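Comments concern the structure below.
Computed from the coordinates by the stated procedures, all read-outs in this text should not be read as laboratory data. Since the model is a prediction, treat every value here as computed from it, not as a measurement. Because the Cβ atoms are built from the backbone with ideal geometry, glycine has one as well, and the counts that use them run over all protein chains shown.
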Amino acid sequence: GAVVSQHPSWVICKSGTSVKIECRSLDFQATTMFWYRQFPKQSLMLMATSNEGSKATYEQGVEKDKFLINHASLTLSTLTVTSAHPEDSSFYICSATHSGRGRETQYFGPGTRLLVL
Amino acid sequence: AQKVTQAQTEISVVEKEDVTLDCVYETRDTTYYLFWYKQPPSGELVFLIRRNSFDEQNEISGRYSWNFQKSTSSFNFTITASQVVDSAVYFCALSGTDSSYKLIFGSGTRLLVRP
């Protein structure tokens, strides 16, 4: 149990376009999902915390109008990078926690590599 | 403030050697959780272990073992008889018990196991 998927795994887009990344919990309900970005050879940086049915909570320095997060159901959260620019190129990873017991443990998706040309 | 320090940036060992990855944390919470995750070259973070602050028992899982010492605020990870497949970046992380359970990650230790 505790499988998290992300789609797409790779995306290459032109500067100025918007990109949507999906994060799904496949075998459990996730009240809370998290979005991270990771630059090469660096640690994970939390971008936002997403709770089902409510607005996401963004970390300091993360532009909420740039990175739109929607958590429409207990198994799906989406991150949309709006008007992407080359500096948005990164590895984006989501995680999810069980809505019941063990909710302190985050299970991570396989990540999405975004390259903005 | 919460902080996790992984002082070892990179470690290189020869297969079958034992290796210990260090993790030191700071927190003012009395109840907290510590984690280790493995990130192989594919990028996905693999959950290895969770330990809560009230449980100082060491744990062994196959070739993996963890040493939790509250007195020194450390949660070290040892791989016995390392294998090439153990090559990855290993992250130590800390979370409090507020409703968000946000993780604070260390900077990671890159382990290279050479054949």
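Descriptive notes on the structure:
- Across all directions, the average flat footprint of the convex hull enclosing the Cα atoms of chain A is 6.8 nm².
- Any cysteine of chain A lacking a neighbouring Cys Cβ under 4.7 Å - listed by number: A:Cys13
- Inter-part distance, region A:14-49 to region B:25-43, computed on C-alpha centroids, equals 18 Å.
- Cβ crowding within 10 Å ranks B:Tyr64, A:Tyr107 as B:Tyr64, A:Tyr107, fewest other Cβ atoms first.
- Restricting the calculation to Cα atoms, region B:1-96 yields a radius of gyration followed by a Dmax of 13.3, 39 Å.
- With θ taken as phi - 60° and the Karplus curve 6.51 cos²θ - 1.76 cosθ + 1.60 applied, the whole-hertz 3J(HN,Hα) list for region A:60-75 is 4, x, 9, 7, 5, 7, 8, 10, 8, 10, 10, 10, 7, 9, 6, 10 Hz, x standing for glycine and proline.
- Relative contact order (%) - chain A, alpha-carbon pairs under 8 angstrom, separation at least six: 36
- Considering only B:Thr78, B:Thr30, B:Thr20, the mean-square fluctuation computed in a Gaussian network model of chain B, springs between alpha carbons under 10 angstrom, is largest for B:Thr30.
- Using a Gaussian network model of chain A in which every pair of alpha carbons under 10 angstrom is joined by a spring, one finds that among A:Thr17, A:Thr80, A:Thr31 the greatest mean-square fluctuation is at A:Thr17.
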